[in-house]
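The values are calculated or read from the model by the stated rules, or taken from the named source; none is laboratory data. None of these values were measured; they are calculated from a predicted model. Cβ placement follows ideal geometry from the backbone for every residue including glycine, while neighbour counts extend to all protein chains displayed.
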Amino acid sequence: MLLLAVSVVCLLFVLNALRPVRHAHLGVPLFFAAWLVSELAPYLLVLAVAGVTVLLVLGDLTGPTWVGVGVTLGVVAGLVRMVLVAEEVEQLAEDALTELAEPGEPRRPHPVRRWLVAMRFSHPEVERIADVPYTEEGHRRHQLDIYRRTDRPTGCPTLLQVHGGGWVIGDKKQQGRPLMTHLARLGWVCFAPNYRLSPRATFPDHLVDVKRAIAWVREHGEEYGADPGFLVITGGSAGGHLAALAALTANDPAYQPGFEDVDTRVQGCVTFYGVYDLHGETGTPAQRVRHERLMTRLVMKTRDLDVFEKASPLAQVHGDVPPFLVVHGRNDTLVPVAEARAFVAKLREVSSQPVVYLELPGTQHAFEVFHSIRSGHVVRAVGRFVEAVRANTSTR
């Protein structure tokens, strides 16, 4: 009976991952459950098969045992479905990049060692330089980490990775590691800054700090082998919001106090499950909840809609923007996919630069924080995108 109860609970978790429950008060715990199940599906599949075996070997083969076996087989079927959907991302990325990048490498076996050790981020070919200050103020959040290849090439293209965390939590060591490791191995130099967090910080402090990091990279990047003249910015969730807004507000003196003359333009922007609508244009329930519970109380500390409009990437889109790659999960319960769709549609209306959109089926928020089948496909696609942007930039 205990194993039967466990099987039923596991089935509920799997169903929530396949069809996420959206609830105003339980949204965060339900997200965590769906996120971990969907990205760790291969591991859980092995456990589910083991569970069926245990039920058959140790059960008394009465009614509850057979019910438990049936329920666990349902869990197995759901997990298999998740693995197959994750595998679809490779072809989706190939289709999305068709007009911009050269065809990818022929299909090859997965680098199993990477996603079987999901939380292992170190790599023998990549070194990390930690806690480098990017301002002279000595603020503990004004530090960044640097990732580069151990043979230390020079003149390398540059990536700035902005962490998420709802503008109130998060750290440079926690996010973007699979992407930065991959690009560092390709010969990029990657910078991951921290920035001031709310409630102590009030927007636009967060954006100002991101631009300070860009300014520092412009001045000091060459010391670490980077070419500061080619810089792509990326980030997820709140980091995706800040990355998009930094790309859309390049050289705006309102966000560059004391360094107004520094060129903060970027040559490309890649956003993962970003927050694009703070002004309420999409009008989703999640957007309204975020506005009332987080933004007005802790981050913006105002109800002035003009302030929210200035902070909303969707409202700040204009024609002079760099190439964009927008990645979003269709099952995202924290930032609805409607925000990404609206943002991409508006970019494509006015931008003369490439706007690539990769919408991932069966995918939750924060899917690429650690190694998984899905994150591996997406990271490689991002690598192809930024390399194509670099090649196109050098030929102009």
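Remark: pairs (first residue in the stretch 8-30, in the same structural domain as VAL85 (by TED's automatic domain parsing) and in a helix (DSSP H, G or I); second residue at pLDDT below 85 and surrounded by 12 or more Cβ atoms within 10 Å (Cβ to Cβ); Cβ separation under 7 Å; 6+ apart in sequence or on different chains) = LEU30/HIS23.
Residues considered: ARG303, ARG384, ARG348. Of these, the only one that is at pLDDT 95 or above, surrounded by fewer than 24 Cβ atoms within 10 Å (Cβ to Cβ), farther than 28 Å from ALA184 by Cβ and not assigned by TED's automatic domain parsing to the domain that holds ASN16 is ARG348. Against the conditions (1) within 20 Å of VAL335 (Cβ to Cβ); (2) outside any strand (DSSP E or B); (3) in contact with a Ser or Thr (Cβ under 8 Å, 6 or more places away or on another chain); (4) not acidic (Asp, Glu), VAL217 satisfies every one except (1). Any residue in the stretch 53-71 that is within 26 Å of HIS371 (Cβ to Cβ), modelled with pLDDT of 80 or more and surrounded by 14 or more Cβ atoms within 10 Å (Cβ to Cβ)? Within the stretch 53-71, none of the residues are within 26 Å of HIS371 (Cβ to Cβ), modelled with pLDDT of 80 or more and surrounded by 14 or more Cβ atoms within 10 Å (Cβ to Cβ).
When GLY187, GLY235, GLY221 are screened for being in the same structural domain as ARG330 (by TED's automatic domain parsing), within 23 Å of the chain's Cα centre (by Cα) and surrounded by fewer than 24 Cβ atoms within 10 Å (Cβ to Cβ), only GLY187 passes.
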